[in-house]
Structure formats: structure tokens, C-alpha cells
Amino acid sequence: MSETKKALNFIEHIIEEDLEKGYSNDDLRFRFPPEPNGYLHLGHASSICLNFGLGERYDAPVNLRFDDTNPAKEEKAYVDAIKRDVEWMGFTWEKECYASDYFQELYDWAVQLIKEGKAYVDSQSSEAMAEQKGTPTEPGVAGPYRDRSVEENLDLFERMKNGEFEEGMHVLRAKIDMASPNMLMRDPILYRVLKKAHHRTNTDWCIYPMYDWTHGQSDYLEQVSHSLCTLEFLPHRELYDWCLDQLVSKTKLRPKQREFARRNLSHTVVSKRKLLKLVEEGHVFGWDDPRMPTISGLRRRGYTPEAIRNFADTVGIAKRENLVDVSLLEFHVREHLNKITPRVMAVLNPLKVVISNYPKDEMEWLVAENSPEDESLGSREVPFSREIYIEKEDFREEANRKFFRLKLGGEVRLKNGYIIKAESCTKDTEGNIIEVQCTYDPKSKSGSGTEESLRKVKGTLHWVSVAHAIKAEVRVYDRLFTDENPDGHKDRDFMEFINPNSLNTITGYLEPSLKDAKVGERFQFQRLGYFNVDLDSTPEILVFNRTVTLRDTWAKIQQKN
């Protein structure tokens, strides 16, 4: 039975109405139909969550169908990447399908259309066809080949299939209505000649069906009940239905196409063509660059599938497009990582601190909890010694009363350690502070239960022991584009808005517990943000990506500008 307690979106209302009008739950089947010509991005993630989410809600099967009708742009590598992404998102498909599975049926149906006088081979140039189709305000006119005989059309179409013609010489068009107010109904192209090897059928075919001829028929063959598309396919629905009209049987379920709005994300682009341009021109390292809005890029950056699914659920499904601020996605990433990541200490902009009254050759192990959110994560030991690193911004020679970090004459607590007091500092020839000399209170050790350990100081700093710190490459990422809507300017190219500071690579100093961290493991660097181990890591040098900051620092920057 369908679930009705939760508020329904408009797609679910459509399904509920169909169930009331005679559909059974057994009739329901959904599909996610990517074209394997690039990597999936956040826009696809919303569609994945919608279709597979409906499958979960209604306990209905969902097909993963690859729309592989253009061998010029499609590759098996993209198929494999898409399958990885859907699985990583936490979804399971019932059937793995390909439009290429149906090439013979689609061809046979096209032959049937020709025999019924509903399709013809057009030999015009693409320019001539575009001209005779008219404009949105002017009807098209019949082309010179529209009334070819059935026999001639059958002969030419078979010869197209056999590879006798070069690309662009002939196409097969549906014979519908050259005066239709819907330009897509003015004798749309059903087949074109493409002499390129297909990733599954190799060179078996020299002609390939267009998307509009493939879409509805594939849904019909798979008995998909609801074919959900983004809004740009709304004008295609009339053609979708026309194609189905030519072949559906009353004894089988007829699919229905319905449309929902894209959710565009701020400070990025989600056009595969434009993402490919970023890759090809070297603005990013590849499709899985952590700055990319691809699912593989988000995974490499350290995002979790749960966070992406929660984001999609929050944004929801609507009938109108809008621009969603990327900070909402980052909120869900922070919220989930806060629950699951252990806390560790790392210093990314180091300033040396010497604790002058701590014995020179001594060190000790301090106990540190791994997570205040999850006691089951336990604790670890971190080494403490006379010389430590803190963040440069955590010290000032002079500061007002609102600065609660370290300043000359002031005290702070070292996380899991002692209270220290800044006594003096050393500068280089240019006046930059290069070292701070401090003293510590030996009785103030955290958790020791002494009166001194219970003394309150306003600031607590993270730190690492100089002698025990491990170096790591840390990649600090920012928005890929400086403009909120880089793709929304008619008079400017989106490439003009690329953020030159979207990646900053630095050397970080980490507590030694991280020396065996594995690729993909996530951590909260205390007071700095969430980080994960990048796949470029080696046994010799760890590489960390900053997944997201602890707070929305971008919003603060924007407010200052």
C-alpha cells in the first residue's frame, strides 16, 4: 500500500491519483535514464533521489537505463562511473538496461511507420531542413522528399542501415504536421546515419535512433509506469505520446511522461558540455576534481551520500526552476559529518610555541576524546612536549578584550592539555612573529581533577607537538566560481567567473595518530573544518582535502563586500 502520512509532492500526487483510478502497486515501475556521455552531477543526484526514492516509497522496481544512442560521445568508462555513483548514493536498481538493447525493435517499428505512410527518408541538407521547418511564429512547409513512395523509403532506409550512405546524406523523419505550433512535431528526425563504433554493439549498426524515438518506446518495452523528466522535456511530451500512439497495445501498460523542475546550484554549472570544457582546458584536474559538482568530485572531496540525499529531500520537487544556494548543501554536509567524524588536531598555518618551564627532553601522552557526539568512538593519546605548533592567527602581541586566544600576558588552555601563558615573542628582520615563549601551569592538566585544572580560561587552542607532528599536503578548496549564477549572463561567458583561488595547497602539521589514515577516511580538524584523505595519498605523504569549513565563512565574506 502507498504511504500517505508524509506530505506529498506533486509527482506523488499524480501517482496516488493513478492508484485511485485503477493502477495497482504492481503496475508501478520507475527508471533513471542517464546518457553515458559524461559523469553524473548534482542535478542527476536529485533525479536519482526522486526515482529511486519513489521506488522505496512504493516498494516498486527501478531500472537503471543508459540512453546510449550516440556513439560519437558515449563510452563504457562513463557507464562504469555512473553505476559507481548510483551505488555510492545508496540505491539498487532491479534491471540494468540500455537503449541499445532495443535497436532491433526500434528499427522494426520505424519500418512499420514507413509502411503506414507515417515516416519518410529526407535527403535535404540540415540547413535546408531547418529553413523549411519554419519558425515558432510561421508554419513550416513540406520538403521535396515528404511524399516519396513507401517502396522508395523502405529501400533507402534499409540502405542507410546497411551503411551505403555517408553521414548527413539521409535521415528518417516522422510525417506528422509541418504547421504544428509545437516545432518538435514538424516532422522530427527519428534516425540519422552515424558510422561510429558503439560501446556495446560495435559496428553492427550504421544508423542510430534519436532520443525522442527511443525514450517512450524504451519505457514501453520496460513497462515503466511514470517517466519523470526535467522541464526542458515538457515540449517533448506531445511527441512522446505520438510515438507511443503508433505502437501501444491495450493489453499493456502505457507509460506517462511527467516533468519536474531542475534545481540549479549557486556558484557552479551543471551542463555536461561546460563541465567537459573545464576538464579539457585544465581549469580542474578531471571529472572527479573535488571542486566539480559531479558526484564523483563530491565523493572525492569527502561529501557523504547521506548529506546529498538529505539536501535533495530538503530542496524537494517543484514545477518551477530556481537557484539553490550551495550553502544549503554544505549545511547538510556539516550536519552529517559532525555526527560521524572523529576529532583530531592539525595546524595549517604554524607558529612555534616554546614552553620554557617544561623539561627539554621530556614528553607525555595526553588523553583526547575522539568525538563528543559519539562516545563509542572512544579516545586516543596525543604526544605533548616542550615545543608545539599553534595557528598563527591564534596569537597577537596586543589584543582587545574580545580576543580570547593567546596574547602577551594572557592565558589559554591547550586542548586536552595545560593552561599556558604568553611571556614574550621573537620576530624576524621584517617584524614577523616567528616564535612565542610561554610558561605552563604543571597542575592545570585537563582531567586531572586538581583545583588548577578546574580553573576557567576563556580560550582553548588546538595544537600539535613539533617533534611528533607529521607533515601532510592539505588542499583547501573554495567555490569554483565567484559569481552566484555564472551561467546566467547572456552577454558574458561563464568562464569569466572562474575563481582563481578555488584551490590553495599548503603543508599541514598533524597529530601522529593520523599517520595510518586510509584513502576516503573523514576527520574533523578541530576548529578548522572537515577533511578527508584524498586518493593521491601515498605511504610517504598524506594528502587531505578540505571537505567543508566548520561554518559558512563564504556568507561572512559576502556580507563584508
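Calculated accessible area for segment 299-355 comes out at 40 Å² per residue, all protein chains present (probe 1.4 Å; ligands, DNA, RNA ignored).
State whether segment 68-112 is rounded, prolate or oblate according to the following rule on the C-alpha gyration tensor (a ≥ b ≥ c being the square roots of its eigenvalues): a/c under 1.5 gives rounded; otherwise a/b larger than b/c gives prolate, and the remaining case gives oblate. It comes out oblate by the Cα gyration axes. Of all aspartates and glutamates in the structure, those lying under 17 Å Cα to Cα from K195, and not within fewer than 8 positions of it along the same chain, are D68, E74, E75, E158, E164, E166, E167, D204. Within segment 191-250, the proportion of C-alpha pairs whose separation exceeds 20 Å stands at 38%. Note on S126/K339: beta-carbon distance plugged into 1/(1 + (r/R0)^6) with R0 of 41 Å gives a FRET efficiency of 0.15. In plain terms, the chain from E164 to H13 could stretch by 49.3 nm, reckoned as 0.36 nm per residue minus the Cα-Cα distance. Note: relative contact order over the chain, using C-alpha pairs below 8 Å and six or more positions apart, is 11 percent. In this simple spin-label model, placing a label point 7 Å from the Cα along the Cα-to-Cβ direction at both D108 and V248 gives a separation of 2.1 nm.
Expressed as a whole percent, the accessible area of segment 55-117 that falls on carbon and sulfur atoms is 43 (1.4 Å probe). Here the label points at K490 and I506, each 7 Å from Cα along the C-beta direction, are separated by 4.3 nm in the simple model. Projecting the Cα atoms of N501, M345, T92 onto the dipole axis of the chain, where Lys and Arg carry +1 and Asp and Glu carry -1 at the beta carbon, places M345 farthest toward the positive end. Measuring between alpha carbons in the structure, the pairs from K76/K515; K415/K515; K421/K515; K360/K415; K407/K445; K76/K319 lying more than 25 angstrom apart are K76/K515; K421/K515; K76/K319.
In this calculation the C-beta distance from D428 to T314 is compared with R0 = 56 Å, giving a FRET efficiency of 0.70. To put it simply, the accessible area of segment 372-497 at a 1.4 Å probe is 42 percent carbon and sulfur. If you take the Cα centroid of segment 80-144 and the Cα centroid of segment 506-551, the two points sit 47 Å apart. The charge dipole of the chain, taken about its Cα centre with unit charges on the Cβ of Lys, Arg, Asp and Glu (plus for the first two, minus for the last two), comes to roughly 1740 debye. Each DSSP beta bridge with both residues in the chain is either parallel or antiparallel, and the antiparallel ones are about 65%. The residues of segment 100-237 expose, per residue, 44 Å² of accessible area to a 1.4 Å probe. Could you give the size of the charge dipole of segment 232-350 about its Cα centre, using +1 on the Cβ of each K and R and -1 on the Cβ of each D and E, expressed in debye and rounded to the nearest 20? Charge dipole, segment 232-350, about its Cα centre: 320 debye, nearest 20.
Among the listed values (1) 23, 56, 20, 1; (2) 15, 31, 24, 17, 10, 2, 0; (3) 17, 40, 26, 13, 4, 0, the one matching P(r) over Cα pairs in 20 Å bins from 0, in percent as calculated from this structure is (3). Which of the lysines could a cross-linker span from K118 if the Cα-Cα distance has to be under 24 Å and same-chain partners fewer than 8 positions apart are dropped? List returned: K133, K161, K175, K250, K252, K256.
Within segment 142-211, which GluC sites (Glu not before Pro) sit in a loop by DSSP and count at most 14 neighbouring Cβ atoms inside 10 Å?
E164, E166, E167
Other residues with beta-carbon under 14 Å from the beta-carbon of N370 carry, at +1 per Lys or Arg and -1 per Asp or Glu, a net charge of -2. Taking segment 432-504, which GluC sites (Glu not before Pro) meet the DSSP loop condition and have no more than 10 other C-beta atoms within 10 Å? Passing sites in segment 432-504 are E451.
Using Cα pairs under 8 angstrom and six or more residues apart, how large is the relative contact order of segment 289-369, in percent?
It rounds to 22 percent for segment 289-369.
Highest average first, the peptides 365-376, 207-218 ordered by how many other beta carbon atoms sit within 10 Å of their residues are 207-218, 365-376. In a DSSP loop and with at most 13 other Cβ atoms within 10 Å, the trypsin sites (Lys or Arg not before Pro) in segment 479-524 are K490, R492, K515, K518. Per residue, the chain reaches -8000 deg cm²/dmol at 222 nm when only DSSP H runs of four or more residues are counted, each adding -39500 (n - 2.57). Taking every alpha-carbon pair under 8 Å whose residues sit at least 6 apart, segment 110-188 reaches a relative contact order of 40 percent.
The values are calculated or read from the model by the stated rules, or taken from the named source; none is laboratory data. Values in this document were obtained by computation on a predicted structure and should not be read as measured data. Virtual Cβ from ideal backbone geometry, glycine too; neighbours counted across all protein chains shown. Areas reflect the complete protein model, heavy atoms only, side chains present, ligands, DNA and RNA absent. Shrake-Rupley method; radii C 1.70, N 1.55, O 1.52, S 1.80 Å.
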